[in-house]
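Down below is the structure, laid out as structure tokens.
Bear in mind that the values in this text are calculations on the coordinates, not laboratory data. Source: prediction; values computed, not measured. Every residue, glycine among them, receives a Cβ derived from its backbone with ideal geometry; neighbour counts consider all protein chains shown.
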């Protein structure tokens, strides 16, 4: 049998005939067909069809579009009114199915509205800057030899120094530095204040308007201070404060400007700006490495490009500068690149980032989940519409017999679908207001990131979502009914096949329940992994340990006072709290046989080793296990640090003493320019989170007076009473600052809050998905039992039992649910094993119970729903059903 010749896509030809002027149509259609045949010969049928579609769209131009005649316009307008009138009658006539569709679409669209509001907030970040499209942040890639590169949002002061003359094509730049904090004293009052260092170009690059002061000179001189309106009111009670003095410690700062409060949707946030010259004056001169090329941890540089800026040229200049500066580094490399301002809130993961951020992947995941939920509701609509094909096909047949075209029927059903979607939008907006409140309360940090307020753009997106949902839900039913033959209107719509021997309705039910089961299984597996993270053996004790942030205060005085409180067993000091994600380290060098005397630097192997400064009580309180050696004994005198304690990974990384803990004792390593002898080797423990493998870690006994935290071991049956006493002691010690104290276990929970939030979100979506799928299944079961009442009655008359009838009616649905489970469970396993848990170095094995638990619960729910309706049909009186025949 000869294969038919390839033809252009029918929809493209129909679209051309619809928009093209009649006097141009014949020639244009003929030419496009000739090009199509030529492309078939030269490029193949598939490519030829694609080019044909593009050509049809390309010729959609003002001179080819047909004019709309007044009579035609009025006719179409009246027809649209007829569509909506008929649709309203159908909605009222079929109350149950209308209710299921409207509720399903409303619930799913409310999730879509929430995602739209989230995306709208993220895309609105930093929109208030006048030069937002020309502002870039300089970001850094820092790499130690033999170590994976680290991408940072921060840069070095040296970069700003080189931007002035060595990087052409930059209109202006500014450098800022976080970390200013202190007690602001105004008269007899003291207020804790945190600020940001900024140079005098700050207001030229970034748009933070001043209500008082000169933006060109406000941050020029050392000890200059710019306050926000809110901070000025807090300190002085008014905003007319130019020339006023604020004292921090022993230094006076002069107020040189008052800025408007920082907008909520800004990734740069501050209560006060301190001139960058102050940073130079206070500690820049004391710190020899302040402006080193590889000191990339604390400063942020923003540049403005001209309107015709060339980012490629600037990148070449960056590469040249990096090449020159890297020559002075030992086994390190620092490179620079530009990040657009608009990509900061929606950018990739960078260390030392400032402000809120969400990765594009997470955004895609959120959007994908919302789309799946909406798709599930659309499946309901399609299923129920096609299921009612027997009733609606008669309506369509009558309409066609009296002259309606396929396009009229298509418009009728699309209008009905859009009407339902807009009715659902009204309900979904109310649900959205509830979801917004719950979402903002989900985590204390979320309100700091999002406002989820209404804007013109978000409202337009809401309306567009409703229109899209209505069109998507009604497309398949509309196409199906538009093609019904008026002479065969009694044909069962379930006879449509999209694959051989597979009905459309069956495929939609399987797809819908497969997605729902994936949500359920993902929630259970995710929750199991989250609990596993919290209960994972870190290699040290965290139970009943309270970490108090010192805020730069004298640790010794507070430690003495807290140690006297009943219920406080022991107190230690540390510079940081480990296993929460924060990291701090130094390069450690090792040369076999090196002796401790002398100041000559070592030339042996080196590695980046994470560090924590601790005292002699830290190891006992946290129950770290010493494999060899001893704990710190006495606090070193200032400038005479001599001891260090390391974990097993340090021995492995630097191959110290053949990795033998006993032989490693007494070996000398160099850290931060000091030679230190190893006095203890600890069993490996987790310094980072479960995402990271166990890495080299060192403990040093701090030689300074500044500690980050006090670690209290609580041994009290009345923890609340002990906490009250601790807070009272703190207030006596520091009446200005509130106590910041958290139990270690709570801090670990917060470290995995992002994972927890993801589990909660997916769990909520799983609940919605099951509700929507169950609504759809309920509608299908009701419709099926209604259409088979006569068959059931005849079978009962012929002797069929009720259990047999229930099995007959349930069998098909249960089979579909089983197929959905066979699809969903392997998909969920692969999702976790290959994607979600792949970034975690340590995690729990995926259990069978988590995968099957939700599936069994959903199956039970479906069985109860199906069984109740089929049992009701099976118990019907045959005489009452058949008396009309």
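Points worth noting:
- For the pair residue 754 and residue 570 in one chain, pulling the backbone fully straight at 0.36 nm per residue adds 63.0 nm over the alpha carbon distance.
- Coordinate range of the alpha-carbon atoms in region 649-769 per principal axis, descending: 56, 52, 30 Å.
- Averaging over all projection directions, the Cα-based convex hull of region 618-679 occupies 4.5 nm² in the image plane.
- Relative exposure of 18, 707, judged by other C-beta atoms within 10 Å (fewest first): 18, 707
- Net length available on complete extension from residue 811 to residue 829 is 3.7 nm, with 0.36 nm assigned per residue and the Cα-Cα distance removed.
- Whole-percent pair-distance distribution, where bins are 20 Å wide, for the alpha carbons of the chain: 11, 32, 32, 19, 6, 0
- Of all DSSP-defined beta bridges confined to region 209-310, some 65% are antiparallel rather than parallel.
- Calculated log₁₀ intensity ratio I(q)/I(0) where the Debye formula runs over C-alpha points of region 757-825, q = 0.20 Å⁻¹: -0.92
- For a paramagnetic label modelled on residue 132 (point 7 Å from Cα along Cα→Cβ), amide N atoms under 11 Å away are absent within region 138-177.
- Using the average count of surrounding beta-carbon atoms within 10 Å as a protection proxy, the listed peptides 255-263, 607-615, 332-340 rank, highest first, as 607-615, 255-263, 332-340.
- Shape category assigned to region 132-343 from the gyration tensor of Cα positions, a/c cut at 1.5: prolate
- Per the Debye calculation on region 10-58 with a single equal scatterer at every Cα and no solvent contribution, log₁₀ I(q)/I(0) for q = 0.14, 0.15, 0.18, 0.31 Å⁻¹ amounts to -0.32, -0.36, -0.51, -1.20.
- Hydrodynamic radius by Kirkwood, which averages 1/r over all alpha carbon pairs of region 705-826, in angstrom: 21.4 Å
- The chain - percent relative contact order, Cα under 8 Å, separation 6 or more: 13 percent
- Residue 451-residue 534 FRET efficiency (beta carbon distance; Förster radius 25 Å; 0.05 resolution): 0.20
- Kirkwood hydrodynamic radius of region 257-315, from the reciprocal of the average inverse Cα-Cα distance over all distinct pairs: 15.1 Å.
- Spacing of the two label points (7 Å from each Cα toward its C-beta) at residue 363 and residue 291, in nm: 3.7 nm
- Volume per residue of the convex hull around the Cα atoms, evaluated for region 120-181, comes out as 175 Å³.
- Translational diffusion of region 295-364, µm² s⁻¹ [Kirkwood Rh, Cα pairs; Stokes-Einstein; 10 °C; 1.306 mPa s]: 110 µm²/s
- When you count the other C-beta atoms within 10 angstrom of each residue and take the mean per peptide, 794-800, 346-352 line up highest first as 346-352, 794-800.
- The chain - mean residue ellipticity at 222 nm from DSSP helices (-39,500 (n - 2.57) per run, n ≥ 4, rounded to 500): -16500 deg cm²/dmol
- Projected label points at residue 464 and residue 329, each 7 Å from Cα along the beta carbon direction, are separated by 4.3 nanometres.
- Bridges between two residues of the chain, per DSSP, are antiparallel at a rate of about 80%.
- With a Förster radius of 56 Å applied to the beta-carbon distance between residue 143 and residue 422, the computed FRET efficiency rounds to 0.55.
- On the principal axes of its alpha-carbon atoms, region 139-238 has extents of 55, 32, 21 Å, going from largest to smallest.
- Estimated at 0.36 nm per residue, the fully extended path between residue 652 and residue 310 surpasses their Cα-Cα distance by 118.4 nm.
- Cα-projected label distance for residue 23 with residue 745, points at 7 Å along beta-carbon direction, nm: 8.5 nm
- Taking the average, over residues, of other Cβ atoms within 10 Å as the packing measure, peptides 134-142, 577-585, 190-198 rank 134-142, 190-198, 577-585 from highest down.
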